[in-house]
Amino acid sequence: MIDVRLLRSDAAGVRAALARRGKPELLVQLEEATQLDERLREITGERDDLRRRVNELSKEVGQLRKAGDTVAAETSMAASRELGETERTLAAEHDDVSEALHQLLLRIPNLPHPDAPDGAGEDDNPLVKGPVNLPESFADHQRVPHWESASALGILDNERATKISGAMFTMQRGLGATMARALCQLALDNNADAFEEIRPPSLVTTATLTATGQLPKFADDAFAIERDDLWAIPTAEVPLTSLYSNEVLDEAALPALMMAHTSCFRREAGSAGRDTRGMLRTHEFDKVEILAVATPEQAPDLLQMMVGRVETTIASLGLPYRIIEICTGDMGQSHHRSFDIEVYAPGCDKWLEVSSVSWFSDYQARRGDIRFRRPDKKGTEIAHTLNGSALAVPRVWAAIIENNRQADGSVLIPEVLHPYMRGATEISPR
């Protein structure tokens, strides 16, 4: 969440930054938050004054009784009790206003970075690089959607996946499953030089999902296990971000770089009207995530480093790709600055987002209370967090099937994946 102290020290700056997101309702929420914060400070001052007065009266009662003035002592006692009751009423109001402010701040999104491009929506996202590896034209056999060619090859069996689990679940088989695993291993190997591999739990608490910004706003998109107050992770970003929650790290330990290969679960509540065929949109998929906990000074260079690492992996697969920067009107709840890498799928005739690399400033870390201590300064500071999809399987898998399809229906496996494919170099019709 944003720092409430900014509402006091730079209210105009916060308002101007949020206005760049192009959502007028956010400014209404911001004004409400400002009013709640002002009332909270008023209550705190009144409550503290009452507590001080009660303490003074208590001392006065003791002195009066010691002096033998029983009547005056009883009068002071009555006044103390009355003030105590008022103080308890104010304390209850303090708790209510504090909780209302907290819940409102959880819903107000992060402030965009000054260098983030302005825009109203995804159509305003500027191209940063590319297209790279995009041929002048595609052959007709590459224009076949992956769900058709993969089903014909026997490597995608969504019909049985639906029978087992319901709509919007997918199932790769044979070399299709092998290639999905190979993609994840490639991403892990490409980042193992700098990122610690972690296999976090796939189920997390409400507090953990709240820390990254998924809750409360995106509850409808998450799978809940209500009996146990647990949630299936939508991305490894969630458990990795909370790894150091409620901890104070030494500055020398930063940046802390982590990566994880997990299954990801999403309800896709907003998918109505979108293309959900094949592997384009699914309730469960595998992904390798990279994540950093850093100082504010380290974060900008880490953002570019992480974008570069994802680009290197995608480029090694030989796929047509491009990089765009996300404009203020298309940013996610927690994002401070963000870049997407997209690959072109000729069968779908679409650019498909395969990775989003984002810097969250201190927004997530403040929710999770992740702090660090500088050796030459007193106190602690809120850390910064960054994360990115090193490789998400479904759309990369789909793009490989479409781009690498041959005239006879076979699919060439990218050379960089050969070491993971048990000797297979292509997927041929059965």
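Confirm whether Arg367 is surrounded by fewer than 22 Cβ atoms within 10 Å (Cβ to Cβ) and either at positive phi or assigned by TED's automatic domain parsing to the domain that holds Ser316 (or both). Criteria not met by Arg367. Look at (1) part of a helix (DSSP H, G or I); (2) closer than 26 Å to Asp10 by Cβ; (3) within 29 Å of the chain's Cα centre (by Cα) and you find that Asp95 fails only one, number (2).
Results for (1) within 23 Å of Leu111 (Cβ to Cβ); (2) surrounded by fewer than 13 Cβ atoms within 10 Å (Cβ to Cβ), shown as yes or no for each residue.
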position	(1), (2)
Arg5	yes, yes
Ser9	yes, yes
Ala19	yes, no
Lys23	yes, no
Thr44	no, no
Leu50	no, no
Leu57	no, no
Lys66	no, yes
Ala73	no, no
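Could you tell me whether segment 276-284 includes any residue that is in contact with a Leu (Cβ under 8 Å, 6 or more places away or on another chain), over 20 Å from Ala207 (Cα atoms) and modelled with pLDDT of 95 or more?
Initial filter on segment 276-284 (in contact with a Leu (Cβ under 8 Å, 6 or more places away or on another chain)): 278-280.
Still in the list and also over 20 Å from Ala207 (Cα atoms): 278-280.
Applying the additional criterion that residues be modelled with pLDDT of 95 or more yields none.
Within segment 276-284, none of the residues are in contact with a Leu (Cβ under 8 Å, 6 or more places away or on another chain), over 20 Å from Ala207 (Cα atoms) and modelled with pLDDT of 95 or more.
So is Arg47 closer than 27 Å to Gly121 by Cβ and in contact with a helix residue (DSSP H, G or I) (Cβ under 6 Å, 6 or more places away or on another chain) or not? Judged against the criteria, Arg47 is not a match. Those helices (runs of 4 or more DSSP H) of segment 106-193 in which 2 or more residues are touching a helix residue (DSSP H, G or I) at 6+ places or on another chain (Cβ under 9 Å) and not polar (S, T, N, Q) occupy 146-153, 175-191.
Residues that are buried (at least 21 other Cβ atoms within 10 Å of the Cβ), of a type in the set (D, E, K, R) and over 16 Å from Ala187 (Cα atoms) do not occur anywhere in segment 420-428. All of (1) touching a residue at least 24 places away in the same chain (Cβ under 8 Å); (2) surrounded by fewer than 12 Cβ atoms within 10 Å (Cβ to Cβ) hold for Asp140 with one exception: (1). Taken over segment 236-272, the criterion of being touching a residue at least 60 places away in the same chain (Cβ under 8 Å) and part of a loop (DSSP other than H, G, I, E, B) is satisfied by Ser245, Asn246, Leu254, Glu268, Ser271. Check Ser316 against each of (1) modelled with pLDDT under 95; (2) surrounded by fewer than 18 Cβ atoms within 10 Å (Cβ to Cβ); (3) among the polar types (S, T, N, Q) and name the one condition it does not meet. Among (1) modelled with pLDDT under 95; (2) surrounded by fewer than 18 Cβ atoms within 10 Å (Cβ to Cβ); (3) among the polar types (S, T, N, Q), Ser316 violates only (1).
Looking at this structure, is Arg181 charged (D, E, K, R), in contact (Cβ under 8 Å) with a residue 60 or more places away in the chain and closer than 15 Å to Met421 by Cβ?
Details: charged (D, E, K, R): yes; in contact (Cβ under 8 Å) with a residue 60 or more places away in the chain: yes; closer than 15 Å to Met421 by Cβ: yes.
Against the criterion (charged (D, E, K, R), in contact (Cβ under 8 Å) with a residue 60 or more places away in the chain and closer than 15 Å to Met421 by Cβ), Arg181 qualifies.
The values are calculated or read from the model by the stated rules, or taken from the named source; none is laboratory data. Because the structure is predicted, anything quoted here is derived from the model rather than measured. Every residue, glycine as well, gets a Cβ built from its backbone with ideal geometry; the counts of neighbours run over all protein chains shown.
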